[in-house]
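Beneath this line is the structure, given in structure tokens, with notes to follow.
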Amino acid sequence: MDFNFDLVVQSFPLLLLGAGITIKITALSVAVGIIIGLFMGIARIGRIRIFRWIAAVYVDFFRGTPLLVQIFLVYFALPLMTGQRSDPYVAAISACGLNSGAYVAEIFRSGIQSIDKGQMEAGRSLGMTWVQTMRYIVVPQAFKRVIPQLGNEFIALLKDSSLVSVIGFEELTRRGQLIIAKTYASVEIWTCVAIIYLIMTLTISRFVAFLEWRFAKDDRH
């Protein structure tokens, strides 16, 4: 059986639209994950026991259960409690963001703990509070150190975002499935989908490497 290049060319614009949706969902989910993860990561090493416990339960739950199950819970279970129908867009970003936040929390926790304790002591000796020292001294340094891990989380979530198709999102993978259902050209379409994913992940990897190099260059100066 010959490879149908004409079909690939015809389907490419539709797949690119799906890729755009994939990138949008991933970017927003990672943004939510970074915000949640930063606070949860700090809470895990903070002094308040109840916050440490809440953060630990959150991280263990979202790291210990499949993302697909979490998507179903957000989309189908929350309406039972709120009495309102779930918006697929909000449900997708919420589930992916909460999932990402658990992994980002551990990334920030390890990054903060890698900073020399003398940095905290220096900040406190200058009259800064614990929160101020974390905000202005410790967290900025930790953020630079965890950029590679955050990049890996971005890439992992980019690939996992295909799971949101179960609640009706026509992202890249779902677009491929719909085209295959009409054309039966599974080899051609899946090859094209794989190439698009590869291009996106390589682009993110190169961008993260550039940020890492840039921050390292700034530190040397």
Problem - Partner lysines for K217 [C-alpha distance under 23 Å; skip if fewer than 8 residues away on the same chain] - result: K144
Problem - 0 to 90° range, to nearest 10: angle between helix 49-64 axis and the chain longest Cα axis - result: 20
Problem - With Cα atoms, 0 to 90° folded angle of helix 172-183 axis to the chain main axis - result: 10
Practice task
Divide by every residue of the chain the summed helix terms, -39500 (n - 2.57) for each DSSP H run of at least 4, and state the resulting mean residue ellipticity at 222 nm, rounded to the nearest 500 deg cm²/dmol.
Solution key: -26000 deg cm²/dmol
Practice task
Read phi for every residue in the range 118-128 and hand back ³J(HN,Hα) as whole Hz from Karplus 6.51 cos²θ - 1.76 cosθ + 1.60, θ = phi - 60°, with x for Gly and Pro.
Solution key: x, 5, 5, 5, 5, x, 5, 5, 7, x, 7
Exercise for the section: Between the alpha-carbon centers of the range 108-178 and the range 1-80, tell me the distance in whole angstrom. Expected result: 13
Completion exercise
In the list [x] 36, 23, 17; [y] 32, 20, 18; [z] 39, 23, 11, the entry giving semi-axes √(5λ) of the Cα gyration tensor in Å computed from the coordinates is [z]
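Each value in this text was obtained by applying a stated rule to the coordinates, not by laboratory testing. Since we're looking at a predicted model, the values are computed, not measured.
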